[in-house]
Amino acid sequence: MTFVTPTIEWAPLIPMMIVLGAAALGVLLEAIIRNPATRRVVQFVLSIAALLVAAGAAVLQWATLEGAGTIVMNGMITVDRQSLLWQIIILLFGIFGAMLFASRTSAGESAFTPLGASVPGSQDETIARRKGFELTEVFPLALFAVGGMMLFTSVTDFIFLFVALEVFSLPLYIMVAVSRRRRLLSHEASLKYFLLGAFSSAFYLFGAALLYGATGQSSYEGVALVVQQTASTDPLLLTGAVMVIVGLLFKLGAVPFHSWTPDAYQGAPTPVTAFMAAATKAAAAAALLRIVYTTFYTLGWELSWLFWAVAIASMVLGTVVALVQTDIKRMLAYSSIAHAGFILVAFGGFSSQALSALPVYLVTYGVATIGAFAVVTQVRERTEDGSIGGEATRLGQWAGLGKRSPLLAGAMALFLLSFAGIPLTAGFIGKFQAFSAAIDGGAWVLVLIAVLASAASVFFYVRLIILMFFTDVPEGAEEAVEVDHSPLARAVVVLTMILVLVLGIVPGWFLDAANNAAVLLIGVAG
Amino acid sequence: MFPFLTVLIALPAVGAAVLWALPASARGRVREIAIGFTAVELILAAVMFLQFDRDAAGTFQFAETHSWIPQIGTSWALGVNGIGLSMVILAVILTPLAILAGWREDRDVKKRTNYLALILLSQAFMVGIFVARDVFLFYVMFEAMLIPLYFLIGMFGGLQRRYAAVKFLIFSLVGGLIMLVGVIALYFQGPGGPQGFLTDNLTGIDFSTTTERLIFLAFFLAFAIKAPMFPVHTWLPDVAETARVGTTALLVAVLDKIGTFGMLTLCLVLFPDAARWAAPVIIVFAVISVLYGALLAIGQENMLRLVSFTSISHFGIMVLGIFAFQQTSIEGAALYMFNHGLSTGALFFVVGFLIARRGSANISDFGGLQKVVPVLAGTFLIIGMSALALPGLSPFISEIMVLVGAWGAVPVAVAFATVGVVLAAVYILWMYQRVFTGPTAKGLKKTRELTLRERLVAWPLIGLMLLLGFFPAIAINYLREPAQDIVSIVSVEEAGS
């Protein structure tokens, strides 16, 4: 057997190359620049610059794309408008994420532990803090994650998808573990996330192997052709398909594959939670979308029970459990599980409208999510000596926030209303598109369940609004909570607020883009 | 042509933004600024009213159609026919009065600013709902309006305000979201395209029977919750009891009309066959609302709850008129929507005046006020009489039109509903008797007489009710043609099917 080296068209890969290249450079800079303060600035500037340039390159490619797109590396990667749109979305989330990573409290604290390798509570940790160490590795790690996610949305080969999956997952496991405060919780979260992530990778890999066994193909297109030709459904093929999808549903955080979500969201440093919640979900939804609509489309009937069951379970469980949460990060985590259910509703009818609906949904959801967590980073406890302490994540501590900081509380209310899908916020447009896709496919029973779940979910979103605006600060607790002013986090809040409003009121331009992107280059579902 | 409708929507919204943007030092005059905005709004609406072509009251006038989100088929399409016009007029009349009625309610300037800005914001949405000619736009306004209202109930008002606000929001959202399913499904039944949500494009669609009925029900449920009809009315008394009187007056007098307005202009027009199919059951629920509301009103101890139950009863009569599908009954229902707004709005305002004097809404805390404050008593009596439909005051003529018009179609229902009208005399007069007659209660000897400001709130409404009571033709001329159109849509297809 001779090994033929494929000719690679590098040009369509430029955005990903920029991000991954900058990540590699960032790792190098870690070793070169000794002064923590300088290193932090350099890493931040490098990250933002790389992400912006990559986004610019992706936009340029979108504008100059001829025909439907380009197939790269013998069909392992496909760069079409669908993938470019997702890449831009993930880059946007990456930019917001980097801004949050770099934000510091007015006491000059970042969200990350100064020395990740130190044992929590040990002498090392104290020394590292006193000496002003900075954990700036998160910037290159985040770039690796972004690059992996971009790849994840563009890959059209089951084996290569696994590579992309690991490229974006491994950095996230580390980033979850490096919280500055409550470090043991952070470590535990990381371990849980890692174990369940490995579990889901195994699921995925086994499924991909089964697919290969059943079809002799590893590319989406190759499997798709066999699937179309197979008259009777091959059990091997179907099992493989289900396991591959289950692997992706883990990343999406849908019930019953959600159990890592609340712990990872709560334990991770909040900027990481923000980035992870928005970007991982987008990447997972994009990959799922591409696989379902290229490869498994003709299996629609056989698979729809899976989507229906998981969607309903996610919406119901996410909503019901969120109702009883007392920690704001956990509440948002369960809300994200419910949103995973809404995302799956769009798949419910197997209508090709989902191709334009899901990018819209994920953007509206992701922007509000990042905004909400950015607000969380700024509501702080006050320590006994009067300085600003850790985040005040207990719901009760948010009482009366509307009086303390109308901007933050108003922004949070807007994000919550967007989650709830109230018109004139982005969330409504997202839900409208997702539900339209499902109704177009005839799944109106699923949509009915989804709207009832939305109505129930309003209950816990509104509970926080009640706390912030309708409840007075408890007697004697006026001093216990402090609103921090870190300019970068503020900027993220304001930018996401603007985006939520713009996408809610004049979303036409973005819907146009999503409609343009609703064509897959290969195996177009039709 | 001057874009009256867009300006009417935008002006209060701008007003709200201005109030919030004011620096703290300039907030001493927020009330004057707010009332200024509503006054300009009122003048604009009056000019529009004068320019409205009465002979073509059935067509949508001042129409504007701009592309909004063509990708999902929705446009910024506005227009009013006679019914929409009457509702807009009602909204612009009652908003400044609500502000005036609550003039002294807040000492805290920040709180006052928030309250007034939210009132203005709700006014923008109210007007928007009544002039929308696009189902999506209607839906957006319908849902977005909940937010200012939610804050109005939850931030200002009595002890139970948080509970009431959540109850209101959840009830409205469940209805609204189910309606959303209907809205999307309707789009797929219609012609689609960049103007696929335009009401005109959705009229006369050839549905399959089941589809039409399901979509009709999705819409109707949302409107029944809003209008409050038995058995989905339970949110209203709780809200009325705890929210500020100004909020409640606007809510019951104007916003709840969206329910009946939607039934009239969307349910009947878009789904005529399904409306006929559902009419018998809906009429039964309407009659139950009439009687149930009236009976519960008699039993109430709290005046605000009492008035809200009377409204449930009156909304039952409107729904009865709408679903009797008769020319006179529909005209009467549309007229009643306007008159009920005047009458109930006024009733809430005077109850508010009483509460401001006593610090309590309980009837048993009052007594014998007639001797102390005769003008207040007289005002209350006249407004009360309008609520029980005394001839000479405008609600009378509309109630008669509904009952007489519907008699030909559903005599048994009308017979029962008439009992409700009789019960109205009991709850109003008994309330008057307990509050104003008998020995003067302790601590009420020095009760203040109706002030000039309060007279400015109550008397214009009484004047309007007298005017329309003696010359109902002024209003009916605007409502006859739209009613004819609706009746013809509902009955033409009857011959066909």
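Listed by position, the helices (runs of 4 or more DSSP H) inside region A:193-268 whose residues that are closer than 22 Å to A:ILE312 by Cα number at least 2 are A:235-252, A:260-267.
Applying the set (1) farther than 30 Å from B:GLN189 by Cβ; (2) more than 12 Å from every other protein chain (Cβ to nearest Cβ); (3) not in a loop (DSSP other than H, G, I, E, B) to A:PHE419 leaves exactly one unmet item: (1).
Exactly one residue among A:VAL45, A:VAL59 is part of a helix (DSSP H, G or I), touching a residue at least 24 places away in the same chain (Cβ under 8 Å) and open to solvent by 60 Å² or more (accessible area, probe 1.4 Å), and that residue is A:VAL59.
Residues that are basic (Lys, Arg) and either at the interface with chain B (Cβ under 9 Å from one of its Cβ atoms) or open to solvent by 10 Å² or more (accessible area, probe 1.4 Å) (or both): find the helices (runs of 4 or more DSSP H) completely inside region A:426-526 holding 1 or more of those. In region A:426-526, the matching helices (runs of 4 or more DSSP H) lie at A:426-440, A:444-465, A:487-505. Put simply, of B:VAL421, B:VAL412, B:VAL402 the only residue that is over 30 Å from B:ILE35 (Cβ atoms) and buried (at least 22 other Cβ atoms within 10 Å of the Cβ) is B:VAL402. Within region A:97-116, being of a type in the set (Gly, Ala, Ser) and at pLDDT 85 or above holds for A:GLY97, A:ALA98, A:ALA102, A:SER103, A:SER110, A:ALA111. If you filter region A:9-31 down to residues that are under 16 Å from A:ALA164 (Cβ atoms) and of a type in the set (A, V, I, L, M), you find that the one that is surrounded by the most Cβ atoms within 10 Å (Cβ to Cβ) is A:VAL19.
Here the helices (runs of 4 or more DSSP H) wholly within region B:111-207 that include at least 2 residues being more than 17 Å from the chain's Cα centre (by Cα) and away from chain A (no Cβ under 13 Å) are B:199-202. If you take the residues in region B:27-69 that are in contact with a Pro (Cβ under 8 Å, 6 or more places away or on another chain) and within 14 Å of chain A (Cβ to nearest Cβ), which one is farthest from B:ILE9 (Cα to Cα)? Checked region B:27-69; the qualifying residue farthest from B:ILE9 (Cα to Cα) is B:ILE69. Going residue by residue through region B:71-82, is there one that turns out to be open to solvent by 40 Å² or more (accessible area, probe 1.4 Å), under 24 Å from the mean Cα position of the chain (by Cα) and either away from chain A (no Cβ under 14 Å) or at pLDDT 90 or above (or both)? Yes: region B:71-82 contains one or more residues that are open to solvent by 40 Å² or more (accessible area, probe 1.4 Å), under 24 Å from the mean Cα position of the chain (by Cα) and either away from chain A (no Cβ under 14 Å) or at pLDDT 90 or above (or both). The set of residues in region A:394-403 being away from every other protein chain (no Cβ under 13 Å) and either more than 15 Å from A:GLN378 (Cα to Cα) or open to solvent by 10 Å² or more (accessible area, probe 1.4 Å) (or both) consists of A:ARG394, A:LEU395, A:GLY396, A:GLN397.
Of B:LEU250, B:LEU264, B:LEU217, B:LEU236, all but one fail to be surrounded by fewer than 24 Cβ atoms within 10 Å (Cβ to Cβ) and part of a helix (DSSP H, G or I); the exception is B:LEU217. For the residues B:PHE142, B:PHE138, the requirement of being crowded, with 24+ Cβ neighbours inside 10 Å and touching a Leu at 6+ places or on another chain (Cβ under 9 Å) singles out B:PHE138. For region B:16-52, filtering for residues that are closer than 18 Å to B:GLY102 by Cα, open to solvent by less than 30 Å² (accessible area, probe 1.4 Å) and touching a Ser or Thr at 6+ places or on another chain (Cβ under 8 Å) leaves 3. In the list A:ALA209, A:ALA214, A:ALA224, which residue meets the criterion of being surrounded by 23 or more Cβ atoms within 10 Å (Cβ to Cβ), of a type in the set (Gly, Ala, Ser) and farther than 25 Å from A:PRO262 by Cβ? Only one candidate qualifies: A:ALA224.
The values are calculated or read from the model by the stated rules, or taken from the named source; none is laboratory data. Treat the numbers as computed from the prediction; the structure is a model and nothing was measured. Here the Cβ is made from the backbone with ideal geometry for all residues, glycine too, and neighbour counts use every protein chain on show. Calculation scope for accessible area: heavy atoms of the full protein, side chains included, ligands and nucleic acids excluded. Shrake-Rupley method; radii C 1.70, N 1.55, O 1.52, S 1.80 Å.
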